[in-house]
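A.B. asks: Questions regarding the structure given below will be posed in turn.
The values are calculated or read from the model by the stated rules, or taken from the named source; none is laboratory data. What you see is a predicted model, and the numbers here were worked out from it, not measured in a lab. Virtual Cβ from ideal backbone geometry, glycine too; neighbours counted across all protein chains shown. Accessible surface is based on the protein model in full, side chains and every heavy atom, while ligands, DNA and RNA are left aside. Shrake-Rupley method; radii C 1.70, N 1.55, O 1.52, S 1.80 Å.
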Amino acid sequence: MTTAAALSKIPVTVLTGYLGAGKTTLLNRILSENHGKKYAVIVNEFGEIGIDNDLIIGADEEVFEMNNGCVCCTVRGDLVRILGGLMKRKGKFDAIIVETTGLADPAPVAQTFFVDEDVMASARLDAVVTVADAKWLSERLKDAPEAKNQIAFADVIVLNKTDLVSKAELLEVEARIRAINPYAKLHPTERCKVALADVLERGAFDLDRILEIEPEFLEAGDDHDHHHDHDHGHHHHDHDHHSHGLKHYHDEDMQSLSLKSDKPLDPAKFMPWLQQLVQTEGGKILRSKGILAFTGDEDRYVFQGVHMMLEGDHQRPWKNDEPRESRVVFIGRELPEQAIRDGFAKCIAQ
Amino acid sequence: MSGFDISGEAASIVSVTDRVREVAVGTPVGAVHFLGDTAVFIGAEENATFVKPDGETSTVALHGGAILSSVTDGKRIVTGGDDGKVMQLDAGAKAELIATEAKRRWIDNVALHPDGAVAWSSGKIAYVRAPKAEEKFFEVPSTVGGLAFAPKGMRLAIAHYNGATLWFPNMAANAEMLEWAGSHLGVMFSPDNRFLVTSMHEPALHGWRLADSRHMRMTGYPGRVRSMAWTAGGKGLATSGADTVIIWPFASKDGPMGKQPAMLAPLQARVSMVASHPKQDILAAGYSDGTVLMVRLTDGAEILVRRNGTPPVAALAWNAQGTLLAFADEDGAAGILPL
């Protein structure tokens, strides 16, 4: 989806996070802050939100499999229904926030925005925001696959309760997060005190903004998770040198994989390869993104995907002073790294 | 200066657009029903607009938010809202509260029985209230997608994820579950009570022959089917979802099994609404570009009722006599065609 098409659609922020991380705190903050905007909120438990709002809707988290033979192709059936009903009240709210339960997999929520024609016509996924507990996340990453999924899936991570941990512990948990997902924006907070602009209206699924909002994306190290977040030092006081202290972890089962080529790719090879890859490995690939330079194509091609679902488009002409470099990123579980690298290498035009 | 204006498709199609009485509802419309010869446009939110045969209009407040569902039996209209209320409207434009959901949950679906019983659903629970009887409820495994009463007997079909449940509110016996993988939304009995058909979340219909639960798959749609209507006499099921009206044959005992549907009134737009003439083999179809056509089922002849160039047609209905056709687009630009 390009920016023009996206503008008329209602932005939807998905708010996830393991039990007790502080989702409700963030939600209450969003709803109570004086921003002049009205949010419709889809929650799983009524009553936790202290704000009176007739646009708070209870959901049932019904995950439906699609009848298309794709096992990981699941959608949130209740979300389809609720968004349909909410669209009858267009004009009464500016944006929608979907809060998931602490044990939820964000994929069905995200996929709903790629699969359902009614949802696609009226709403757009803005970003997946994950609230994580600085004190307990490292433990949860060991014993709760849901927590790891939520981190891997995130566009924005609000690392909450930093006042409950030491500086060393904070560095530790940041390194754990970065081992799984080096591309998300990470905001260490106390009581979810984060600028709303950092969690809302991110356009993280807007193809036009894939680069704009993720400078890290291009600057990330050649092929692995050795990535330092350069832009969040101002969010808290004692972090300015943290890149020197950041350990490099390798998560056992969830990784990101970054591929790069400064030679143009052959679209006749790359597209079938990518399709085939997500068809066969889509269950393992949580998120994918890419900026591509094709032979004989003056435009940048951008794509993104959630499991087996891909969307892509020509974005804009390459600028003269811009290196025509292709970058592809996968975040997933037990990714077949060597096979992906070999497959990508074969797509380079000869 | 003299001459004449050939405007697009009008050259080759009979047009009755000049006979349509325009109605300015003024707010987005979700449905239209007739109570006698009065057209009632159900707003997307809050109100209903009554348009009497003489053109007099009045607005009736119904819900404190979105109107999620509506149904009529020709004598009254029942609606469900996101305010948790089930409301009833009569021909005198009187609105009456029928039920309130305790937690103010949305009323997603409503249905009416010829004997006067009302059904509604909220979340996974379907409720039935019959005249002179206690209110009863039944919970299905997932959120109710649609409700329909059987034309005979007190039996309610409840569509949900992975099938539909047939519930007999007046009997202690267990409900009967008809299974088919996927999410089932709209649901309808055939007028002869032999078939049950659901529209699915994916672009397909599913049907069961009730005598033996035999499956009928009806696929091939480019888009989801939102509107279904039995043609006069129940011989066929007309549906939206494609760039032609798709009509599945149901006259034989096997229904549409092994048969191809009829495809009528092709346009370069998606059919969004269908409404069958109550007595004759004529169908009205509304399209995603705002066009409304009348189609004769026997030979496919078309008559233009409304030109294109607006938001999708969101409401379409005949009166019981088949002498009035009412329509509205999503933004509330509406009209009534007297025949």
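A.B. asks: Would you mind computing Rg(Cα) / (2.2 N^0.38 Å) for the range B:68-203, counting N as its residues?
C.D. replies: 0.99
A.B. asks: Continuing with the same structure: What list of ³J(HN,Hα) values in whole Hz, one per residue of the range B:221-231 in order, does the Karplus curve 6.51 cos²θ - 1.76 cosθ + 1.60 (θ = phi - 60°) give from phi, with Gly and Pro shown as x?
C.D. replies: Whole-Hz 3J(HN,Hα) from phi for the range B:221-231: 6, x, x, 5, 8, 9, 9, 9, 8, 6, 6.
A.B. asks: Let me ask something else about it. With the other protein chains left in place, how much accessible area per residue, in square angstrom, belongs to the range B:204-339 at a 1.4 angstrom probe?
C.D. replies: In whole numbers, the range B:204-339 has 38 Å² accessible per residue.
A.B. asks: Would you pull out the residues with amide H under 5 Å of A:R287's amide H, same chain only if 5 or more places away, H placed 1.01 Å from N?
C.D. replies: A:H307, A:I331
A.B. asks: For the range B:145-190, what is the convex hull (Cα atoms) projected area averaged across all directions, in square nanometres?
C.D. replies: So the mean shadow area of the Cα hull is 3.1 nm².
A.B. asks: Now, a different point. Rounded to the nearest 20 debye, what is the charge dipole size of the protein assembly as shown about its Cα centre when +1 sits on each Lys and Arg Cβ and -1 on each Asp and Glu Cβ?
C.D. replies: Taking the Cα centre of the protein assembly as shown as origin, the dipole is about 2040 debye.
A.B. asks: While we're here: Name the residue farthest towards the positive end of the dipole of the range A:78-148 from the options A:A123, A:A144, A:A134, assuming +1 on Cβ of Lys and Arg, -1 on Cβ of Asp and Glu, about the Cα centre.
C.D. replies: Going by the charge dipole, the pick is A:A123.
A.B. asks: With unit charges on the beta carbons (Lys and Arg positive, Asp and Glu negative) and the dipole taken about the Cα centre of the protein assembly as shown, which residue among B:W208, A:I177, A:G282 sits farthest to the positive side?
C.D. replies: Farthest towards the positive pole: B:W208.
A.B. asks: Using only the Cα atoms, work out Rg/Rh for the protein assembly as shown, with Rh taken as the Kirkwood radius, to two decimals.
C.D. replies: Here the Rg-to-Rh quotient is 1.01.
A.B. asks: Regarding the range A:273-312, what are the three Cα extents along the principal axes, ordered largest first, in Å?
C.D. replies: 33, 15, 11
A.B. asks: Still on this structure: Treating the beta-carbon of each Lys and Arg as +1 and of each Asp and Glu as -1, no other charges, what is the dipole magnitude of the range B:62-105 about its Cα centre, to the nearest 20 debye?
C.D. replies: So the dipole magnitude of the range B:62-105 works out to roughly 80 debye.
A.B. asks: Residues with amide H under 5 Å of B:E202's amide H, sequence separation 5 or more or different chain, H placed in the peptide plane at 1.01 Å from N; which?
C.D. replies: HN-HN under 5 Å from B:E202: B:S183.
A.B. asks: Now for a different question. Can you give the calculated 222 nm mean residue ellipticity of the protein assembly as shown, where each DSSP H run of n ≥ 4 adds -39,500 (n - 2.57) and the sum is split over every residue, rounded to the nearest 500 deg cm²/dmol?
C.D. replies: Result for the protein assembly as shown, helices only: -4000 deg cm²/dmol.
A.B. asks: Once you order the gyration tensor axes a ≥ b ≥ c over the Cα atoms, which shape class does the range B:46-86 get: rounded for a/c under 1.5, otherwise prolate or oblate by comparing a/b with b/c?
C.D. replies: Oblate shape, in that a/c is at least 1.5 and b/c is the bigger or equal ratio.
A.B. asks: Here is a further query. Within the range B:82-137, list the trypsin sites (Lys or Arg not before Pro) lying in a DSSP loop whose Cβ has at most 13 other Cβ atoms in a 10 Å radius.
C.D. replies: B:K94, B:K103, B:K132
A.B. asks: When the accessible area of the protein assembly as shown is split by element with a 1.4 Å probe, what percent falls to carbon and sulfur?
C.D. replies: That share works out to 51 percent.
A.B. asks: Listed here are the pairs A:K38/A:K284; A:K23/A:K142; A:K9/A:K185; A:K148/A:K319; A:K92/B:K75; which of them are more than 28 Å apart at the Cα?
C.D. replies: Table pairs above 28 Å Cα-Cα are A:K38/A:K284; A:K148/A:K319; A:K92/B:K75.
A.B. asks: Once the mean 1/r over all distinct Cα pairs of the range B:218-339 is inverted, what Kirkwood radius in angstroms do you read off?
C.D. replies: That comes to 14.2 Å for the range B:218-339.
A.B. asks: Another question, if that's okay. May I ask you to evaluate 6.51 cos²θ - 1.76 cosθ + 1.60, the Karplus curve with θ = phi - 60°, for each residue of the range A:113-123 and list the ³J(HN,Hα) values in order in whole Hz, giving x for glycine and proline?
C.D. replies: Karplus values, whole Hz, x for Gly and Pro: 7, 9, 10, 7, 5, 5, 5, 5, 6, 10, 9.
A.B. asks: Pulled fully out, how much extra length does the chain show between B:K279 and B:K152, if you take 0.36 nm times their separation in residues and subtract their Cα-Cα distance?
C.D. replies: Here the answer is 43.7 nm.
A.B. asks: Right, here's the next one. Got a sec? Charge dipole of the protein assembly as shown, +1 on Cβ for Lys and Arg, -1 for Asp and Glu; which of B:S272, B:V187, A:A204 is way out at the positive end?
C.D. replies: Final value for the positive-end residue is B:V187.
A.B. asks: Where in the range B:248-302 are there trypsin sites (Lys or Arg not before Pro) that are in a DSSP coil and have at most 15 other Cβ atoms within 10 angstrom of their Cβ?
C.D. replies: Answer in residue order: B:K253, B:K259, B:K279.
A.B. asks: Once label points are set 7 Å from the Cα along Cα→Cβ at both B:R217 and A:H314, what is their separation, rounded to one decimal in nm?
C.D. replies: That separation, rounded to one decimal, is 3.8 nm.
A.B. asks: So if I take the alpha carbon set of the range A:49-141, get Rg, then get Rh from the Kirkwood formula, what is the Rg over Rh ratio?
C.D. replies: When Rh is taken as the Kirkwood radius, the ratio is 1.00.
A.B. asks: Charges only on Cβ, +1 for Lys and Arg, -1 for Asp and Glu: so what's the dipole of chain B about the Cα centre, in debye to the nearest 20?
C.D. replies: That gives a dipole near 900 debye.
A.B. asks: Related question: Just to verify a number: FRET efficiency for B:A251 and A:D54, C-beta to C-beta distance, R0 = 41 Å, to 0.05?
C.D. replies: Efficiency, rounded to the nearest 0.05: 0.25.
A.B. asks: Related question: For B:G332, list long-range residues whose amide hydrogen, built 1.01 Å from N in the peptide plane, is under 5 Å from its own amide hydrogen.
C.D. replies: Residues meeting the amide H criterion: B:V29.
A.B. asks: From the square roots a ≥ b ≥ c of the eigenvalues of the alpha-carbon gyration tensor of chain B, which class results: rounded (a/c under 1.5), prolate (a/b over b/c), or oblate?
C.D. replies: It is oblate, given that a/c is not under 1.5 and a/b is not larger than b/c.
A.B. asks: To continue, here is another question. Explain nothing, just compute: Karplus ³J(HN,Hα) = 6.51 cos²θ - 1.76 cosθ + 1.60, θ = phi - 60°, for every residue of the range B:172-188 in order, whole Hz, x for Gly and Pro.
C.D. replies: Result, rounded to whole Hz: 6, 4, 5, 6, 9, 9, 9, 9, 6, 4, x, 9, 9, 10, x, 8, 8.
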